[in-house]
1. Out of curiosity, is residue 80 within 18 Å of residue 101 (Cβ to Cβ), more than 14 Å from the chain's Cα centre (by Cα) and buried (at least 18 other Cβ atoms within 10 Å of the Cβ)?
2. If we scan the range 42-49, do we find a residue that is surrounded by fewer than 16 Cβ atoms within 10 Å (Cβ to Cβ), in contact with a helix residue (DSSP H, G or I) (Cβ under 9 Å, 6 or more places away or on another chain) and over 15 Å from residue 4 (Cα atoms)?
3. Would the range 109-117 turn up any residue that is farther than 18 Å from residue 1 by Cα, of a type outside the set (D, E, K, R), part of a strand (DSSP E or B) and at pLDDT 90 or above?
Amino acid sequence: MLVTVFRLDSTRSLTAVRIHCNNAFGRDVGVFSSAELHFSIGGKVFDVRSQPVYYMAARDAVVEQPRYVTVPIEPPRAARFVRLLLYFDRRWIMISEVHFDTGTSGHAVFTLKMREMAGKCETRNAGD
């Protein structure tokens, strides 16, 4: 599981998260199998004012092209902090961008560099 916490510039009404993922399954890189989104206003306690969002991604073993996976947030959630949990479908998850769509001001864009994430990734074999 890969866990990342995002701190937005202010409290926003979130309507979707778009995650740009690689799907080079020939190299054991795949889009995540599922995602969880947890929300917080202050950053210490999550899911007090709203329920988390759960999303199951469709597995694609045909097209190796990178793509955006959109996780809808319905109803919209107010948050300043978002904890994103991605579950591995293959050995590696490669993410280049995460976009937060908001109800008021378009979207806030957060670009993740792979070297910044390298120390935060954890892989587990199915038997573990």
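1. On the way: within 18 Å of residue 101 (Cβ to Cβ): yes; more than 14 Å from the chain's Cα centre (by Cα): yes; buried (at least 18 other Cβ atoms within 10 Å of the Cβ): no.
Considered against the rule, which asks whether it is within 18 Å of residue 101 (Cβ to Cβ), more than 14 Å from the chain's Cα centre (by Cα) and buried (at least 18 other Cβ atoms within 10 Å of the Cβ), residue 80 comes out as no.
2. Within the range 42-49, none of the residues are surrounded by fewer than 16 Cβ atoms within 10 Å (Cβ to Cβ), in contact with a helix residue (DSSP H, G or I) (Cβ under 9 Å, 6 or more places away or on another chain) and over 15 Å from residue 4 (Cα atoms).
3. Checked the range 109-117: no residue is farther than 18 Å from residue 1 by Cα, of a type outside the set (D, E, K, R), part of a strand (DSSP E or B) and at pLDDT 90 or above.
The values are calculated or read from the model by the stated rules, or taken from the named source; none is laboratory data. None of these values were measured; they are calculated from a predicted model. With ideal geometry, Cβ positions are generated from the backbone for all residues, glycine too; neighbour counts draw on all protein chains shown.
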